[in-house]
Every structure is written in structure tokens, then in C-alpha cells.
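Beneath this line is the structure, given in C-alpha cells, with notes to follow.
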């Protein structure tokens, strides 16, 4: 077990820390076990790591996981407990109870997301405390290998963005919409091209944003239908590698046709705010300070937030096994540390214009940051 996780665990003053769930949805569980499973299993963190899986997963867990000890529910007579209780939701906590007693547990930490039903059953036998996951702080600081994984996902993200950019650039304005080969170019077509590119690179993405015109005034609108001419199109791609499970994240804003002056001014303001934010990133500065610097640029350029318009979200977030994880670059954002990976993604949004957002992916360093993003920034195609 990494020393920082062990140190965090020791500070909690419990006999162990228990996770129950699947490691596809729960990234802490994947980080701690390196075992990818869609079915429920348990991880017990002590000085050593023990996992409890179903009997059909025991062989694979022994080969693939980094756990020091692997047990199965069959080792704890799951079928007998099922027969006596008549319900799987009662039998499984009984298995967990015996598993925990075997490992000398009397007091136990669990994360805020721990299943409520299992918590209720186990609390009859153990002193349970709901605590911050020991993996949270460790996951925020990335190893050299993790940064390489994120970088490879970012390269795939950039190739997908190039494909989207070329598709939009090859279209032509016809009235208020963009057309390609005589047919309207839609957000769905561009998103499909992005998905194909990512699949070719062994990545996947859900909810990629391709939002044009007034749709882009909502920062998280996916975008639908024909893309507008002479209006900004926000493309936000956040792919995950299907091999190593790490995410990347990047946003660019494009326009095909004639750019109105107010859109050019929005773009210039967002670019200036992003450059200021990137320039502020370094170890020791807080995420809140970076956000304040970015917000100040917008204020100085006359863009004040009002009635849900303007700069309406935080400056950025950590990226790793989750696309949104610690640290936060926003109100209350914590102090940044060397080797964390964060985004800087300011944007401006107005219902009558649309939205403009730019996002790069950065590694925090002692005296600045390393930009993992190589994709150019240009509004008009």
C-alpha cells in the first residue's frame, strides 16, 4: 500500500477502512485494487489490503489485483447464509461480518458513499464511522506513470478534436445553418466523428458536448440538431482510456462563417482569462486564488456575472480516474500540490449569443505548470 494512504489511514484511528461496490463506478476501489469489476466486491484497507469477491471472480482477482489477500464469498459460506436468511441483502452483510472479524476489526471507517443498507447491518456488530476516503488525497497527486496515462488520453482527445474541426471547417454557411454536401451538418454527426476517432484510439466518451449558438449558453448542454453558421460552437471532449481508465479533458470553441464583433470580443476575453489562470498555476497557490484571478480578468474587461449570464462556473477541476476530482479551482478550492493534474476552463455564456469556452489540461509544478494540451486555439475556421 502506498505510504501516503497508510499514513492517512493511521490518522483515522480505526482498525480498517471498508469499501463495498464495483470498481467501474467507484474509482477509489479501482485505484486501491487495480481490479476492474462490474459486480459488487469489498476492499478492506489495513496495513495490508484484502479484497472479498464472488467465487467466480476469485481466480481473476488473484491474477489481476494488487491486493495482498483475496477471499471469496464462498469461503465465508454465502450459500448457507442465503438459505438461512432467505434474502441476498441479508446474507451478504453476514459474510462481510465474518470477513471483518477474521481481520481483527472492531472499529471501521467507511466513505460517505457507502451503501446505507449494509451500513445498517454492520453497525450492529462494529463501531462504524463515516469518514473521508483515504484514497482521495493520494489520488489527487499523480505519479509519473499516471501523468503518462493522462497524456496519452489527451493525445487521443486532440485527434478527435481535429476530426471535429475538419468536419466543421469543410462545411459551408447556408442561411443560418452549416451544410455539408448539401445537407445540414448536425451536432450528432460531429459527435459521431469524435466517437469514431476515440474508439480507434482505444478510448470512450459519454456526453461529449457539441453545442452551437444559443444551445451553448448552457455550459453542459450536449447540443442537438443542425449547427449554426456565424455563431460559436463549443466542443468539450472528455475521453477515458479503455485500457488504463484515466481521463483527459479539452474544450475548444469554433465558428464557421462571419464572426460577429461581440463573439470575437467574448473569445478574446475568455482567452485572456485562461492565459491568466494558466499563468497562476503552481504548487502552493490555492484553487480559489486561481479562480479569483480568472474572475478578475473578466471583471476588468467588463464581463460581470448577472442573472446566470457571464462566467457562471468554477475555473477548473482535477482529472484522473474521474473526469471531475480533487482539487477544485473555484470558491473554496484547496492548495495545489506538485504533480496534480487540473483543467483551466473559463467561459462566458449569454442566452442571446451562445457560449465561448476554452479548456487546457495542466500538471502542477513547483514553479508553474506543464501544459499537456497541444491543440491550437483559433475561433474562425
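Read-outs throughout are calculated quantities, based only on the coordinates presented, and are distinct from any laboratory measurement. These figures come from a predicted structure and were not determined experimentally. Please note: Cβ atoms are built from the backbone with ideal geometry, for glycine as well, and neighbour counts cover all protein chains shown.
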With everything on Cα atoms, drop me the angle between helix 144-169 and the longest principal axis of the chain, reported from 0 to 90° to the nearest 10. 40 degrees
How far is helix 187-200 tilted, in degrees, relative to the longest principal axis of the Cα atoms in the chain, given as a value from 0 to 90 rounded to the nearest 10? 50 degrees
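Rank the residues 186, 73, 224 as a footprinting-exposure proxy: fewest other Cβ atoms within 10 Å of their Cβ go first. Walk me through the intermediate numbers first.
Numbers: 186 19, 73 25, 224 14.
Taking fewest neighbouring Cβ atoms as first place, the list is 224, 186, 73.
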Sum -39500 (n - 2.57) across every DSSP H segment of at least 4 residues in the chain, then divide by the residue count to get the 222 nm mean residue ellipticity, nearest 500. -11000 deg cm²/dmol
Can you tell which of 87, 136, 97 shows the greatest fluctuation in a Gaussian network model of the chain with Cα springs below 10 Å? 87
Compare 32, 131, 45 in a GNM of the chain, Cα atoms joined below 10 Å, and give the one with the largest fluctuation. 131
Quick one: order 301, 29, 79 by neighbouring beta-carbon count within 10 Å, fewest to most. 79, 301, 29
Between 15, 207, 75, where does the largest GNM mean-square fluctuation fall for the chain, given springs only between Cα atoms within less than 10 Å? 75
Rounded to the nearest 10 degrees, the helix 287-300 long axis (Cα) sits at an angle to the longest Cα principal axis of the chain of 20 degrees
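What ranking do 83, 142 get, fewest neighbouring Cβ atoms within 10 angstrom at the top? Can you show the working numbers first?
Working: 83 10, 142 22.
If I rank by nearby Cβ atoms, fewest first, I get 83, 142.
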Quick one: the Cα spread of segment 4-138 along its three principal axes, in angstroms, biggest first? 42, 34, 25
For mean projected area of the Cα convex hull in nm², the choices are [x] 16.6; [y] 21.0; [z] 27.9; which was calculated from the structure? [y]
